[in-house]
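What follows is a set of notes on a single structure, which appears directly below.
The values are calculated or read from the model by the stated rules, or taken from the named source; none is laboratory data. Keep in mind that this is a model prediction, so the values were computed, not measured. A quick note on method: Cβ atoms are made from the backbone with ideal geometry, for glycine too, and the neighbour counts reach across all protein chains shown.
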Amino acid sequence: MTSYLATLTCAQAIQVGRANVEELLQLLPAKFLEGPLSGVRDSEPESKDEFKNAFDQLSLDGEGDPKERSWGKVRVRSGYHECLVDGVVPVPVRAASHAASRPTEPESLLTEIVLDLGRPPMAFFGTKRQYLCSDRSITVDQEDIDSIVGSEGVGGYDSFGTDNRAGIPGCLHRISAMKNREGMIYGLTLRVGRTVAGTAHMIGDILFGMPTKSVLVMGEPGSGKTTIVRELARCLAEKENVCIVDTSNEIAGDGDVPHPCVGLARRMMVPSLPDQARVMVECVQNHTPHVMIIDEMGRSNEVAAAQTVKQRGVRIIASAHGDFRKLMKNKQLSGLLAPLQEVIKPGGIPKTKRIGDPTFDVIIELRRDDPNDWTIILDTGLAITCVLEGRPYATQRRTRDSAGQVYMEMGRSCSENKY
């Protein structure tokens with residue numbers, strides 16, 4: 001069987017992973033579009049049908065179980081030795097007929113636009129901030145904010161939910177509001193939503209070679225967690241019943257029809273943040289999913305709901321802020337990893353002990369400054385035990401170079417123990 005590595009060129013990654021930034025820029029007053037945003041244009045397919053067809057071309061290759069299909073190549077680094085191992089990572093998408101290259105660097109892409117009353121409008125390209133107007137005396141006024149909020153795309157003040165977020169129907173963008181005590185909006189963050197097809201092959205062996213393992217994607221805000229979760233949902237939905245519990249409609253976009261980027265995955269909307277745990281359990285009871293996709297788990301009741309879902313035999317793919325070590329120290333959310341309990345050893349010495357199986361079997365840690373550098377913990381339970389005992393735990397570092405090659409480097413964490 002011919003081996004290949006499924007990757008996309010930069011142009012494909014931007015075009016197929018459609019954000020349609022112009023839909024977002026149309027909300028802005030004309031005076032804010034003469035500076036850095038004047039050249040920001042993502043090339044998008046003409047219609048949603050064309051957009052969907054672009055994703056269909058990246059569908060799973062062949063018939064039958066993905067584990068039995070073509071496998072990719074990954075270079076495994078071991079000390080100073082490097083060997084090419086064939087058959088390590090199964091490729092979940094059809095290889096493009098173009099030369100592979102690393103996805104566009106984050107610094108070159110518009111990530112969000114910030115508008116605060118009485119201040120100059122700004123935009124962030126990756127982590128770099130630029131003012132939208134060369135004349136710093138031009139500031140955002142209430143009329144600017146009201147024109148964006150009242151536009152046809154946003155739909156007015158009533159479009160913002162209890163989480164102070166709104167969206168544009170058919171798009172992945174997010175508009176977040178800051179409100180004063182009277183409920184009036186004085187600040188807006190217009191965040192660009194993108195989906196980049198082809199990122200799932202970085203963990204194809206975990207997705208399809210470990211079909212019962214639940215995966216938690218972790219990272220700082222802006223590190224690309226939601227983008228990756230979207231792509232994982234699309235790939236898994238080709239052969240399994242996948243349901244997305246979509247808080248703020250951020251994974252599948254605004255509107256009743258899910259964005260084509262999630263493929264065949266179904267979507268359950270969440271009325272408000274406190275309802276997310278209830279919707280998770282309702283999804284299992286009413287729609288019998290094989291896989292549940294959840295974005296931004298961050299409340300204690302969601303931890304309990306995730307444990308319930310896992311116990312009922314449903315695989316979970318979710319995202320959360322932070323990293324493995326910080327999550328262990330968060331008493332409210334550490335149950336996302338495994339239930340922990342304080343015990344007293346002989347002599348009155350307190351010690352933290354794991355008292356149950358982990359909710360998520362695999363942890364993926366992302367970096368905001370490099371979306372092509374992932375740290376993976378393949379055995380969460382063992383890693384937790386090692387941390388509690390002050391021992392290092394095994395990790396994998398997977399990176400993707402400019403030629404699209406995936407490298408895997410085995411490593412071990414530090415043995416620092418503060419439990």
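Data for the structure
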item: Meets criteria (modelled with pLDDT of 90 or more and in a strand (DSSP E or B)) for Ser176; result: yes
item: Selected residue (only one of Thr212, Thr226 is under 14 Å from Ala318 (Cβ atoms), of a type in the set (Val, Ile, Thr) and at pLDDT 90 or above); result: Thr226
item: Subset of the range 142-173 [free of Cβ contacts under 8 Å to residues at least 40 places away in the same chain, part of a loop (DSSP other than H, G, I, E, B) and hydrophobic (A, V, I, L, M, F, W, C)]; result: Phe160
item: Selected residue (criterion: surrounded by the most Cβ atoms within 10 Å (Cβ to Cβ)) from residues of the range 298-330 that are of a type in the set (D, E, K, R) and farther than 19 Å from Leu382 by Cα; result: Glu302
item: Of all residues making up the range 124-135, the number that are within 19 Å of Leu188 (Cβ to Cβ) and either free of Cβ contacts under 8 Å to residues at least 24 places away in the same chain or of a type in the set (S, T, N, Q) (or both); result: 3
item: Checking Lys213 against (1) touching a residue at least 60 places away in the same chain (Cβ under 8 Å); (2) more than 30 Å from Asp141 (Cα to Cα); (3) not in a loop (DSSP other than H, G, I, E, B), the condition it does not meet; result: (3)
item: Complete set of residues in the range 268-297 that are at pLDDT below 90 and surrounded by fewer than 14 Cβ atoms within 10 Å (Cβ to Cβ); result: Pro271, Ser272, Pro274
item: The listed residue being over 18 Å from the mean Cα position of the chain (by Cα) and among the hydroxyl-bearing types (Ser, Thr, Tyr), out of Ser248, Ser300; result: Ser300
item: Number of positions in the range 278-337 that are of a type in the set (Val, Ile, Thr) and assigned to a helix (DSSP H, G or I); result: 6
item: Qualifying residue in the range 238-259 (condition: among the acidic types (Asp, Glu), outside the structural domain of Asp116 (by TED's automatic domain parsing), modelled with pLDDT under 90 and closer than 30 Å to Gln405 by Cβ); result: no
item: Count of residues meeting criterion [more than 26 Å from Gln311 (Cα to Cα) and in a loop (DSSP other than H, G, I, E, B)] in the range 191-210; result: 7
